[in-house]
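Student: Supplied in structure tokens, the structure appears directly below.
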Amino acid sequence: MNAVYWLIAIIILLVIEAMTMALTTIWFAGGALAAFIACVAGAGLEAQEILFVAVSLLLLFFTRPFAKRYINQGTKKTNVEGLIGREARVTEQVDNQMDRGEAVLSGQYWSARAADENEVIEQGTRVVVEAVRGVKLIVRTIK
């Protein structure tokens, strides 16, 4: 009867993975499959549980980073994530101490702050976006 429970677990985990596409529950489905096979082969409940946990964790820690790198390879960054690493031009002197600064990026004007707290970036300087905090670009001068 334990085999039915493992099959149910596999189905539930696969459905969750299909709905989220987070590459998390798929590895536990692999662990449940290993436990199901052990159950059919006659292993005891304790051995099935140990196998489930061991296989799930091995798959999660050793194959997830590899899978994320290659599966999400063609994913384009959107919204704010897409701004990081892009070049902008300072339109108003960026001075963190005076709490001012502005930069233009793809025709849009943004409040800007220097990544280095003590750096003052003059108007017209080309900068690279390192981060976005709220509605402010965190920029560093291109050298």
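The values are calculated or read from the model by the stated rules, or taken from the named source; none is laboratory data. Remember, it's a predicted structure, so these values are computed and weren't measured experimentally. So basically every Cβ, Gly included, is an ideal-geometry build from the backbone, and we count neighbours across all protein chains shown. SASA here: full protein model, heavy atoms, side chains in, ligands and nucleic acids out. Shrake-Rupley method; radii C 1.70, N 1.55, O 1.52, S 1.80 Å.
Student: Helix 2-20 versus the longest principal axis of the chain: what is the Cα-based angle in degrees, 0 to 90, to the nearest 10?
Tutor: So the helix axis and the longest Cα principal axis differ by about 20 degrees.
Student: Between Arg100 and Phe61, with labels modelled 7 Å along Cα→Cβ, what's the label distance in nm to one decimal, could you check?
Tutor: 5.4 nm
Student: Which order do Met98, Met21 take when ranked by solvent-accessible area (1.4 Å probe, heavy atoms of all protein chains), largest first?
Tutor: Met21, Met98
Student: Expressed as a whole percentage, what fraction of the accessible surface of the chain belongs to carbon and sulfur atoms when a 1.4 Å probe is rolled over the protein heavy atoms?
Tutor: 61 percent
Student: Something else now. Scanning the chain for GluC sites (Glu not before Pro) in DSSP loops with at most 16 other Cβ atoms within 10 Å, what's the longest stretch left with none?
Tutor: Longest stretch, sites excluded: 1-116.
Student: How long is the chain along each principal axis, judged by its Cα atoms, biggest number first, in Å?
Tutor: Taking max minus min along each principal axis of the Cα atoms, the chain gives 74, 27, 23 Å.
Student: Would you tell me the accessible area of Lys68, worked out with a 1.4 angstrom probe on the heavy atoms of the protein chains, in Å² to the nearest 10?
Tutor: About 80 Å², rounded to the nearest 10.
Student: Classify segment 1-59 from the C-alpha gyration tensor, please: rounded if a/c falls under 1.5, else prolate or oblate depending on whether a/b exceeds b/c.
Tutor: oblate
Student: Follow-up. How would you classify segment 99-143 from its alpha-carbon gyration tensor, with a ≥ b ≥ c the square roots of the eigenvalues: rounded for a/c under 1.5, else prolate if a/b is greater than b/c, otherwise oblate?
Tutor: rounded
Student: Here is a further query. Once you list every other residue whose beta carbon is under 13 Å from the beta carbon of Gly30, what net charge do they have if Lys and Arg are +1 and Asp and Glu are -1?
Tutor: 0
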